[in-house]
Each structure stands twice: as structure tokens, then as C-alpha cells.
Amino acid sequence: MYATSLGDDGAELRPLEPWQAEEFLAHMDRGRAFIGARNGLPDVVADLESSRAFLRLYAEKAAADSGRIHGIWSDGTLVGAVILRQLDAENGTAEAGCWLEPAGVGKGLVTRAARTLIDWAIEVRGIHRVEWVVSSDNEPSIAVARRLGMSRDAVLRGSYPYRGRRHDEEVWSVLAPEWRAAKSASASASASAAGAGEDGA
């Protein structure tokens, strides 16, 4: 299977497929309480059959070009994933999301993985607008949206019923021209830094 490097620490982004249901379930079991604090996925992926069904759903989405799921591996262990929950190439829109088990937290893995997946959506699939929908009290995920250069478009008050209470949700997004401008600025800054280093050598 092909893998995309996420940096010098050896972390990788790879597609998640139904044949990996056992590994996916083990990951979900390790992070069940942590992930489930804000994400209903652990309630969906409860055993091997439901793990396989969830990955099969995304295999069908990939076949229909309507979604994607990629796992994040750190030190050879699956520790999280980034997804395109929805992908509408005809209208140029997509919604991205993520989760991590505790072993993957604090390493910048989600930001790096989401950046890779969003770049693919924009540059390869021609997506114009990528959304990131997050509970208002999920500060780590909001921080990722900011690091990805997204803007907050709206707060949907009381829109997300979860575990006995209703949560506000925030909609963040980035548009293709903004994404490309940020990439260009980052590349220019890197080139300038490299040039300064050579001058000082």
C-alpha cells in the first residue's frame, strides 16, 4: 500500500480500507473514551463487524468519489485518521474531519495530515471550498482549523445533540485561492530562510 510521509519523525498517511478492520478496531479501543468525549465514532465502531462496515462505507464513498478516509500512523501504529466526510466535486465543496487516540496527541499529526488531504482535494479534485465543522468547546480541533488557515464562517447554536446535551457547532472553511496564496507565501518564506542560511555559511 502506498504511504505519504508526514515529516521527519516517520509519521505516515495511508488509505484505510476494509481489510484493515481489525487494526482500526484496536485503534478505536485504545482511544475509545478520549475520542468519544467529542465524537460519536466509538459508538459506531464497537466490534469487528461494525469496524469493517464503517471502512466499507468509506470504500464505497471513495469509489463514488464522494468521500475519503486516511489513517495516521506514528511509529508503525495507527493513532488517528483524517477524513473527507463529504466530497462534491461537481459543486466544488468538501467537509474534512479528524480524530486521534491519546498516543497521537501533541505531535502536530492532525494538522500535517489534514493539510495533505485538503491539498489533494483542492489541487487534484478541484475543490473550491473545504469546511471544518467542530463543537464550540473543542479547542484542539478549532486550533487545527486556525493552523490550516481557515476562517470561522458561523456558529450554529444548539445544533449538535450529543450524549444528553446540545452543543453549539462552528463552521470553519478555506477557499482554494486562500489555500494557494498561503502555500505560496510559505514557500517564499522557506526560500528566503534558506537563502539567508546560505549567505551566513
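For the range 67-122, filtered to residues that are touching a strand residue (DSSP E or B) at 6+ places or on another chain (Cβ under 6 Å) and open to solvent by 40 Å² or more (accessible area, probe 1.4 Å), the residue that is modelled with the lowest pLDDT is A103.
Across the range 111-135, the number of residues qualifying as farther than 29 Å from R165 by Cα and either touching a Phe, Trp or Tyr at 6+ places or on another chain (Cβ under 6 Å) or part of a helix (DSSP H, G or I) (or both) comes to 11. Being outside any helix (DSSP H, G or I) and at pLDDT 95 or above is the filter here; which residues of the range 16-45 pass it? Hits for the range 16-45 are L16, E17, V45. Applying a threshold of 7 Å to beta carbon distances and a minimum spacing of six or more residues, or different chains, the list of pairs starting in the range 36-58 at a residue that is touching a residue at least 40 places away in the same chain (Cβ under 8 Å) and within 27 Å of R166 (Cα to Cα) and ending at one that is outside any helix (DSSP H, G or I) and of a type outside the set (G, A, S) reads R38/N138; N39/W99; G40/Y162; L41/W99. The one condition from (1) touching a helix residue (DSSP H, G or I) at 6+ places or on another chain (Cβ under 6 Å); (2) more than 18 Å from N39 (Cα to Cα) that E123 does not meet is (1). Filtered by the rule that a residue be of a type outside the set (F, W, Y) and either open to solvent by less than 50 Å² (accessible area, probe 1.4 Å) or out of contact with any strand residue (DSSP E or B) (no Cβ under 7 Å at 6 or more places or on another chain) (or both), the range 149-169 gives G149, M150, A154, G158, S159, P161, R163, G164, R165, H167, E169.
Could you tell me which of the residues A33, A26 is open to solvent by less than 60 Å² (accessible area, probe 1.4 Å) and more than 22 Å from E131 (Cβ to Cβ)? After ruling out the rest, the residue left standing is A26. Just one residue in the set D168, D153 is over 14 Å from I83 (Cα atoms), at pLDDT 95 or above and part of a strand (DSSP E or B); that residue is D153. Exactly one residue out of L41, L25, L13 is farther than 19 Å from V144 by Cβ and touching a helix residue (DSSP H, G or I) at 6+ places or on another chain (Cβ under 8 Å): that is L25. Just so you know, in the range 1-35 the residues that are without any contact (Cβ under 8 Å) to a residue 60 or more places away in the chain and under 14 Å from V110 (Cα atoms) include one that is farthest from the chain's Cα centre (by Cα), and it is S5. Consider R56 carefully, then state whether it is open to solvent by 50 Å² or more (accessible area, probe 1.4 Å) and over 21 Å from P140 (Cβ atoms). Taking the combined requirement at face value, the residue satisfies it. In this structure, does R146 turn out to be open to solvent by 30 Å² or more (accessible area, probe 1.4 Å) and assigned to a helix (DSSP H, G or I)? Here the answer is yes, as R146 does meet what is asked.
The values are calculated or read from the model by the stated rules, or taken from the named source; none is laboratory data. Predicted model, so just to flag it, every value in this text is computed and none were measured. Here the Cβ is made from the backbone with ideal geometry for all residues, glycine too, and neighbour counts use every protein chain on show. Side chains are part of the model used for accessible areas, which takes the heavy atoms of the whole protein and leaves out ligands, DNA and RNA. Shrake-Rupley method; radii C 1.70, N 1.55, O 1.52, S 1.80 Å.
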